[in-house]
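Remarks on the structure that follows.
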Amino acid sequence: MSDVLWQALRDVQVPQLGQSVVDLGLVVDVSLKPDGSAVVDLILPSSHWPWADELLEAVEAALLAQPAVLTAQASIVPEPLWTPYRMIDLLKADLGLPRQELPPLSEPGRSTASRLR
């Protein structure tokens, strides 16, 4: 059933970005409890994202459209933080990003020269 819920969320588009909440990596978790209540945790691209309420409503509506879902609750969670590397590979490629986030060039408090010895 979890796959059905993920697919339903894939149909929820973020109009301002023209992509689905799943493809953008905004969905952290979705589950269906035995009583028919669906719960989804979302993260936002920024803490001051003005369309959060609209997004929550669209996500809940998509879940409620599924036959097994009797109630739906979407929530914004503070962690993990969103980064572009949560997006699907196709979107990262469109932005010119590598598939995986690159490690930092140097560790904090440690010079590059000491790493080369």
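The values are calculated or read from the model by the stated rules, or taken from the named source; none is laboratory data. As the structure is a prediction and not an experimental result, all values here were calculated from the model. Note that each Cβ is placed from the backbone with ideal geometry, even for glycine, and that neighbours are counted across all protein chains shown. Areas reflect the complete protein model, heavy atoms only, side chains present, ligands, DNA and RNA absent. Shrake-Rupley method; radii C 1.70, N 1.55, O 1.52, S 1.80 Å.
Contact annotation: residue pairs with Cβ atoms under 8 Å, 6 or more positions apart or on different chains, pairing a residue in the range 84-105 that is among the charged types (D, E, K, R) with a partner that is at pLDDT below 80 and exposed (fewer than 11 other Cβ atoms within 10 Å of the Cβ), are 89/99; 92/98; 92/99. When you scan the range 95-113, do you find a residue that is open to solvent by 70 Å² or more (accessible area, probe 1.4 Å), hydroxyl-bearing (Ser, Thr, Tyr) and modelled with pLDDT under 90, even just one? Within the range 95-113, one or more residues are open to solvent by 70 Å² or more (accessible area, probe 1.4 Å), hydroxyl-bearing (Ser, Thr, Tyr) and modelled with pLDDT under 90. Residue check: is residue 36 on the phi > 0 side of the Ramachandran plot and at pLDDT 90 or above? Judged against the criteria, residue 36 is a match. Can you name the residue in the range 13-42 that is in contact with a strand residue (DSSP E or B) (Cβ under 6 Å, 6 or more places away or on another chain) and assigned to a loop (DSSP other than H, G, I, E, B) and is also surrounded by the fewest Cβ atoms within 10 Å (Cβ to Cβ) among such residues? Step by step, filter the range 13-42, then rank; the result is 21. The sole residue among 54, 79 that is open to solvent by 60 Å² or more (accessible area, probe 1.4 Å), over 13 Å from residue 10 (Cα atoms) and part of a helix (DSSP H, G or I) is 54. For the range 14-50, filtered to residues that are in contact (Cβ under 8 Å) with a residue 40 or more places away in the chain and over 9 Å from the mean Cα position of the chain (by Cα), the residue that is farthest from residue 87 (Cα to Cα) is 14.
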